[in-house]
Amino acid sequence: MLELMIAVLLTSIILTVFLTASAQMFRSYYLQAVYEELYHQGSSIDETLYVGLRFARDVTVTNNTVRFTSPTGLATGFTVQNGILFRILEDNTRQPLTGNSGMGQWQDVYIVSSQQTPFFSLQGQTVQVALLLRHRKSNQEWPCFISVVPLTAQYEKGAKNDAE
């Protein structure tokens, strides 16, 4: 009888340790998958915003929108609405750049402002972008902070200095 009680006790201890370790492993795997999703979306956003703004002309900025003329001469830009970053295409339609489950559904990844600052701002000729990607279920965040001086602004500044 004593041997049976010891066997049951050891089995329950081993089972408890195994289940706890399994739960920790699955939680770690889930958080790593969330982090990877945020990394991929953050890197894509950084690259898309940088390239779009680097070749921009006639930039106008509001708190949640930046509009500019593309190298092809058409109006385009970026805007943040309802936690989703959109690219404003040249035909004035919007293409979502963030999120992972479609525009009409609840998004797991969404955009929030960083420390209550505007998403887009203009400091002189420098366009500044401050976004935080946040995962709704885990509250993990990925920062997207970039500052871009459009090439046209650099060219105009250089041409003005050459003329003087």
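All C-alpha pair distances within the stretch 24-157, sorted into 10 Å bins from zero, spread as 12, 42, 30, 12, 3, 0 percent across the bins. Using only the alpha-carbon atoms, how far is helix 151-163 inclined from the longest principal axis of the chain? Give it as 0 to 90 degrees, nearest 10. On a 0 to 90 degree scale, this one is about 40. The simple Förster model, with R0 at 25 Å and r as the Cβ-Cβ distance, assigns Val51 and Ser113 a FRET efficiency of 0.65.
Please give the Cα centre distance for the stretch 1-24 versus the stretch 39-78, rounded to the nearest Å. Centre-to-centre distance over Cα atoms comes out at 58 Å.
Can you check what the net charge comes to around Gly73, using other residues whose Cβ is under 11 Å from the Cβ of Gly73 (Lys, Arg +1; Asp, Glu -1)?
Details: positive: Arg57; negative: Asp58, Glu90.
Local charge sum for Gly73: -1.
Where only DSSP H runs of four or more residues are counted, the chain gives -14500 deg cm²/dmol as its mean residue ellipticity at 222 nm, each run worth -39500 (n - 2.57).
Diffusion coefficient of the stretch 1-91 by Stokes-Einstein, Kirkwood radius over Cα pairs, 4 °C, 1.567 mPa s: 73 µm²/s. Between Arg136 and Ser121, the simple label model (points 7 Å from Cα in the Cβ direction) yields a spacing of 2.9 nm.
Helix 2-54 and the long axis of the chain differ in direction by around 10°, with both axes built from C-alpha atoms.
Exposed loop trypsin sites (Lys or Arg not before Pro) only (DSSP loop, at most 15 other Cβ atoms within 10 Å): please give the longest stretch of the chain free of them, not including the sites. Spell out each step's value before the answer.
On the way: sites that count: Arg136, Lys137.
After excluding every exposed loop site, the longest remaining stretch is 1-135.
Bear in mind that the values in this text are calculations on the coordinates, not laboratory data. It should be emphasised that the depicted structure is a prediction, and the values quoted were computed from it without experimental measurement. Using ideal geometry, Cβ is built from the backbone for each residue, glycine included, and neighbour counts are taken over all protein chains shown.
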